[in-house]
């Protein structure tokens, strides 16, 4: 896990399809993540990540010689990434040269989201379904899933083994959607006609709300309005549009199925952390039953799944917190409690 990343100060970036967030970290400090250094920018306002970083340094008055970039895309050879849902192509080597930095490291955004678990506090978490997650490090071997809908659907894993923590960097959000209910099958049929292949991300992300809305309108014989994801969630929460209520209920159920499938795929019996920009918005719908019902509905594994806790991350900056945790680990410090 270590990559000889120097200790401090380290520029952190959480780069998604719509926004990029920056902060500074001191991996040697008791609280390595500096919340007061966080700033957010629109990707569309800048031609490149280099330009956005320069603007951050100008606005904040801060500087750093080392950077850890958590990016929403597959990292190739640890050096380059084409950001999913984002026009920027990032090269660690080019970024280091353009900014005259001593080191630049790229990681998948859900590697960071997964590692964030190690720095989160109890007030950052809300149980979904009533079961508390075991404390990371409570046992010598633990495996967790981290999954979250935002601009896309991110999937990661956190593995704790004999005092060491490591992350699985995946593109699990692009796995194929598995239909389970008659409604699922009809949704899959219509989206398959529209897109050809239907991934989980087609349904469980911001645009997934729009896809669900348009399909459920078709099934109901209604003409869909030109709604954005935030319009759908606002109408559902206000109770002003029964179809939007159906959309978020369906979303919560399918999300539960996907999260449960991930538990079985990775053997993550210790629990699931739910993250991403949509989780705080849709949490009330996830708490009302359909998420857990479909999460647990795994045939012969139902009794096992009933014992697997799910917990929502409410910290507003899990990507940056996770990047700070990665910086700590890569500087040589352990984030796990000592076991006597």
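The values are calculated or read from the model by the stated rules, or taken from the named source; none is laboratory data. Since we're looking at a predicted model, the values are computed, not measured. So basically every Cβ, Gly included, is an ideal-geometry build from the backbone, and we count neighbours across all protein chains shown.
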Condition met for residue 131 (touching a strand residue (DSSP E or B) at 6+ places or on another chain (Cβ under 8 Å) and not in a loop (DSSP other than H, G, I, E, B))
no
In segment 120-151, the residues that are at pLDDT below 95 and under 14 Å from the mean Cα position of the chain (by Cα)
148, 149, 150, 151
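So that you can scan it fast, the table gives a plain yes or no per residue for (1) within 21 Å of residue 319 (Cα to Cα); (2) in the same structural domain as residue 290 (by TED's automatic domain parsing); (3) part of a loop (DSSP other than H, G, I, E, B):
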position	(1), (2), (3)
155	yes, yes, no
167	yes, yes, no
180	no, yes, yes
187	no, yes, no
190	no, yes, no
197	no, yes, yes
204	yes, yes, yes
Take residue 323 and tell me if it is surrounded by 24 or more Cβ atoms within 10 Å (Cβ to Cβ) and either at positive phi or modelled with pLDDT of 95 or more (or both).
no
From the list 208, 173, 196, which one is closer than 18 Å to residue 277 by Cβ and modelled with pLDDT under 95?
173
On the given criteria, is residue 259 in the same structural domain as residue 70 (by TED's automatic domain parsing), in contact with a strand residue (DSSP E or B) (Cβ under 7 Å, 6 or more places away or on another chain), buried (at least 24 other Cβ atoms within 10 Å of the Cβ) and touching a residue at least 24 places away in the same chain (Cβ under 8 Å)?
no
Can you give me the ranges of the strands (runs of 3 or more DSSP E) entirely in segment 9-127 with at least 2 residues that are assigned by TED's automatic domain parsing to the domain that holds residue 322 and exposed (fewer than 14 other Cβ atoms within 10 Å of the Cβ)?
33-42
The residue from 288, 300 that alone is at pLDDT 95 or above and over 30 Å from residue 334 (Cα atoms) is 300
